[in-house]
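The values are calculated or read from the model by the stated rules, or taken from the named source; none is laboratory data. Because the structure is a prediction, the values reported are computed rather than measured. Here the Cβ is made from the backbone with ideal geometry for all residues, glycine too, and neighbour counts use every protein chain on show.
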Amino acid sequence: MKIAVIGTGRIGGTLGQRWQAAGHDVTYASRKGSGTGPGGAPVTPVDDALTGAEVVLLAVPGPAMAEVVAAHGTALGGKVVIDAANRIGQPDVNSQAEIAAAAPDARYVRAFNTLGWENFADPPPGAALFFAADPGARPAAEELITAVGLEPVFAGDASAAGTVDALLVLWFALVQHNDGNRRVALQITR
């Protein structure tokens, strides 16, 4: 897949490198300009990264999400848009409403927001990543979660974004009760 990763920080950089290693075509976008990003992938302005992308990972700081989505809503249209940012302290931690308002035909995914980047860089054996996705985005989400080395666990369509967000609170509590160890993840047993 051709993937635009908006954000070159720990989440965006780690996921982009994992996807690049799995054979996907990754381009990073940053307000800081152009150049080379994590794993040697190109960094371009956001509009350039979005051109031709099939999938967009939004991995910017939570407070910046509304601005980024509003500025690039037209370019997000028709793409699988993965909302990985957490707007801590807001009534809704996810940006689903903002994405839907700016790009009503985007295929929304809520994923990669309930575990620390360390678990993407080196997934614990058997760790699961819970996600919500529009039906047309589910196959891409499952493929990208698997490429990172996590088990994709479908929590429901895009309306289940809040259910996924509830796991963020659980993850923070588990980290706190494990003396700050961020290498904590959930596993599904069958």
Residues of segment 111-141 satisfying the condition of being acidic (Asp, Glu) and either buried (at least 19 other Cβ atoms within 10 Å of the Cβ) or in contact with a helix residue (DSSP H, G or I) (Cβ under 9 Å, 6 or more places away or on another chain) (or both) | GLU118, ASP134
Answer yes if at least one residue in segment 15-38 is surrounded by fewer than 23 Cβ atoms within 10 Å (Cβ to Cβ), touching a helix residue (DSSP H, G or I) at 6+ places or on another chain (Cβ under 6 Å), modelled with pLDDT under 95 and not in a strand (DSSP E or B), and no otherwise.
-> yes
How many residues of segment 139-190 are under 23 Å from GLY13 (Cα atoms) and of a type in the set (Lys, Arg)? The answer is 2
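Of ALA75, ALA70, which residue is more than 23 Å from PRO135 (Cβ to Cβ), outside any strand (DSSP E or B) and either of a type outside the set (D, E, K, R) or out of contact with any strand residue (DSSP E or B) (no Cβ under 6 Å at 6 or more places or on another chain) (or both)?
Values: ALA75 fails: more than 23 Å from PRO135 (Cβ to Cβ).
Going through ALA75, ALA70 in turn, the sole match is ALA70.
For segment 100-125, name all the residues that are among the β-branched types (Val, Ile, Thr) and in contact with a strand residue (DSSP E or B) (Cβ under 6 Å, 6 or more places away or on another chain). Walk me through it before giving the result.
Taking segment 100-125 and keeping what is among the β-branched types (Val, Ile, Thr), we get 109, 114.
Selection gives VAL109 alone.
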